[in-house]
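The values are calculated or read from the model by the stated rules, or taken from the named source; none is laboratory data. All values derive from a computational prediction rather than experimental measurement. Cβ placement follows ideal geometry from the backbone for every residue including glycine, while neighbour counts extend to all protein chains displayed.
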Amino acid sequence: MFTLDIAPVWDKIKHIQSSCEEAMKLKEPGLVPYDPVRDIEVLHAKKHPPKKGFSTAEGQARMLHDLANIELQAMELGLRTLVEFPNAPQGFKEELLAVTVNEAEHLAMCLEGIDKLGFKWGDWPIHNGLWMATSREDNILDRILIVHRYLEGSGLDAGDTLIRRLEGTEGKHTIQKIVKQINFEEIGHVDFGSRWYREICSSKDIDPSEDFPARMDSLRTRLPKRIEPLNHVLRRKAGFTEAEIRYYEELRLDFLKPALESQKN
Ligand SMILES: [Fe+2]
Ligand SMILES: [Fe+2]
């Protein structure tokens with residue numbers, strides 16, 4: 001049984017490895033839910049209640065709750081790709097299984113952290129923004145680019161900013177260690193995406209330096225807007241070329257334009 005159906009979050013974590021192993025045996029692509037069903041309230045991110053600062057236990061737990069939601073979607077997106085692309089290279093599927101199990105570990109770390117702070121999963125609403133950035137119509141290169149290079153890539157920038165913001169707050173002693181470990185391990189997830197993006201391009205005789213900007217141009221309208229400053233050091237470690245980093249710098253400026261223009265007026 002795939003854990004993409006509704007189930008308590010801890011059950012999803014418990015079954016993720018066996019669900020991935022089941023998915024790897026598929027001969028034909030499987031169908032995934034259009035919208036993942038949750039055991040807690042789902043609300044558009046714009047309608048979420050305001051956040052407290054990191055000096056409060058509530059602010060720290062809320063941050064971990066937001067992060068847990070990202071890890072949950074990352075875990076399910078890994079399984080989703082295994083279900084939808086049974087004919088992907090075996091090496092890719094094996095590495096993706098390991099990445100997906102690592103997402104489950106991240107999710108468990110966040111949930112335990114929330115608990116320690118005296119709060120629980122479901123104390124705040126969540127969103128399905130990452131899942132909704134993918135589509136049943138994606139091909140394997142779209143999927144790698146969206147999930148591992150765009151979403152997880154921008155997660156590296158945001159994670160690094162967060163680690164620095166936690167310095168000098170009470171959060172340094174409670175949640176910074178969790179965020180640091182997750183961000184360090186995420187470099188490997190993004191690098192997995194960078195390597196396999198090139199590998200699959202080369203197996204299809206596609207030039208990645210031409211494909212990357214063209215594919216990003218075709219996908220960008222449905223991606224969540226990421227405006228965090230890019231961390232070039234982490235991006236390079238995760239396998240981005242200088243041209244790809246430049247592309248994302250320009251994309252970020254485009255995303256920032258409406259805000260910058262309203263400041264001028
Ligand atoms: Fe993760
Ligand atoms: Fe990840």
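So the values come out like this:
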item: Scope the stretch 227-246; condition in contact with a Phe, Trp or Tyr (Cβ under 7 Å, 6 or more places away or on another chain) and at pLDDT 95 or above; matching residues; result: Leu230, Glu244
item: Per-region count, the stretch 46-70, residues within 15 Å of ligand 1 (Cβ to nearest atom) and of a type outside the set (S, T, N, Q); result: 7
item: Ala61 without any contact (Cβ under 8 Å) to a residue 40 or more places away in the chain and not in a loop (DSSP other than H, G, I, E, B); result: no
item: Every pair of residues 6+ apart whose Cβ atoms lie under 9 Å, when the first sits in the stretch 92-120 and is on the phi > 0 side of the Ramachandran plot while the second is among the small types (Gly, Ala, Ser); result: Gly118/Ala57; Gly118/Ala61
item: Answer from Leu97, Leu43 - the residue that is within 16 Å of ligand 1 (Cβ to nearest atom) and either loosely packed, with under 14 Cβ neighbours inside 10 Å or at pLDDT 90 or above (or both); result: Leu97
item: Failed item, numbered, when Gly113 is tested on (1) within 16 Å of ligand 2 (Cβ to nearest atom); (2) more than 20 Å from Pro36 (Cβ to Cβ); (3) buried (at least 20 other Cβ atoms within 10 Å of the Cβ); result: (1)
item: Residue among Ile140, Ile126 that is crowded, with 20+ Cβ neighbours inside 10 Å and on the phi < 0 side of the Ramachandran plot; result: Ile126
item: Any hit, the stretch 21-38, residues being surrounded by 13 or more Cβ atoms within 10 Å (Cβ to Cβ), over 18 Å from the mean Cα position of the chain (by Cα) and part of a helix (DSSP H, G or I); result: yes
item: Pairs, first closer than 17 Å to Phe240 by Cβ in the stretch 173-191, second basic (Lys, Arg) and within 15 Å of ligand 2 (Cβ to nearest atom), C-beta under 8 Å, six or more apart; result: Ile187/Lys237; Val190/Arg149; Asp191/Lys237
item: Check on Gln73, within 16 Å of ligand 1 (Cβ to nearest atom), over 25 Å from Phe119 (Cβ atoms) and in contact with a helix residue (DSSP H, G or I) (Cβ under 7 Å, 6 or more places away or on another chain); result: no
